[in-house]
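Peer 1: Handing you this structure, nothing more for now.
Laboratory data are not the source of any read-out in this text; all were calculated from the coordinates shown. What you see is a predicted model, and the numbers here were worked out from it, not measured in a lab. Neighbour counts are summed over all protein chains in view; Cβ atoms, including those assigned to glycine, are modelled from backbone coordinates with ideal geometry.
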Amino acid sequence: MNARLTTLILLALALVLPGVQAAQAPVARAQFASGVDNREPVDLLARETEMRAKLYFFTELHGLAGQRVVHEWHHSGTPVAEVTLDVGTDRWRTWSSKTIWPEMNGDWTVRVLDQGGQVLYEETLRLGD
């Protein structure tokens, strides 16, 4: 089950069952961007966008202090990079990036994995045609 669906189910239960509080999802925000400035994404790239020389994936994490997460980059279904990121506090903003060559158009997917390898979040962006 993906992280968004889990969050929606927990929120629905909180509305239906009095006294039940939804747990905060570990991935509070995640998005592709063309850059990061002052620990914030400079923009939000649409699901389909023109080619970029560099692509960033920004993630805000909650409740994972002292753990590690991985940004697993895939190009058209093929793994191309794994970036391990240490989480410092309970609210942690981090990112990874990938240099994109002109022949690397197509689907780019980043999976955010916890230190046990479980997928916490996944997003895909189509670059180019």
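Peer 1: Taking amide H positions as placed 1.01 Å from N in the peptide plane, with prolines and chain starts having none, which residues 5 or more places from Arg126, or on another chain, fall under 5 Å of its amide H?
Peer 2: Glu48, Thr49, Trp108
Peer 1: Mind listing the phi-derived Karplus ³J(HN,Hα) values for region 95-104, rounded to whole Hz, using 6.51, -1.76 and 1.60 with θ = phi - 60°, and x for any glycine or proline?
Peer 2: Coupling constants for region 95-104: 7, 9, 9, 9, 6, 10, 8, x, 7, 9 Hz.
Peer 1: What distance in nm separates the two pseudo spin-label positions at Asp37 and Val80, each 7 Å out from Cα along the beta-carbon direction?
Peer 2: If labels sit at Asp37 and Val80, their model points lie 2.6 nm apart.
Peer 1: Amide H to amide H, which residues 5 or more places from Gln67 or on other chains are under 5 Å from it, using H placed in the peptide plane?
Peer 2: Distant-sequence amide H within range of Gln67: Val87.
Peer 1: What does the charge add up to near Val110, with Lys and Arg as +1, Asp and Glu as -1, over the other residues with Cβ less than 12 Å from its Cβ?
Peer 2: -3
Peer 1: Mind checking the full-extension length gain between Arg29 and Lys54? Use 0.36 nm per residue of separation minus the Cα-Cα distance, one decimal, nm.
Peer 2: Separation in residues times 0.36 nm, less the Cα-Cα distance, equals 7.0 nm.
Peer 1: Now for a separate question. Which whole-angstrom value gives the distance between the alpha carbon centres of region 107-128 and region 22-100?
Peer 2: If you average the Cα positions of each part, the centres end up 9 Å apart.
Peer 1: Here is a follow-up. Counting other C-beta atoms within 10 Å, and keeping those with at most 15, which DSSP coil GluC sites (Glu not before Pro) do you find in region 45-129?
Peer 2: Hits after loop and neighbour filter: Glu50, Glu103.
Peer 1: Per residue of region 47-56, in order, report the coupling 6.51 cos²θ - 1.76 cosθ + 1.60 (Karplus, θ = phi - 60°) as ³J(HN,Hα) in whole Hz, putting x for Gly and Pro.
Peer 2: Going residue by residue, I get 4, 10, 8, 6, 4, 10, 6, 9, 10, 10 Hz, with x marking Gly and Pro.
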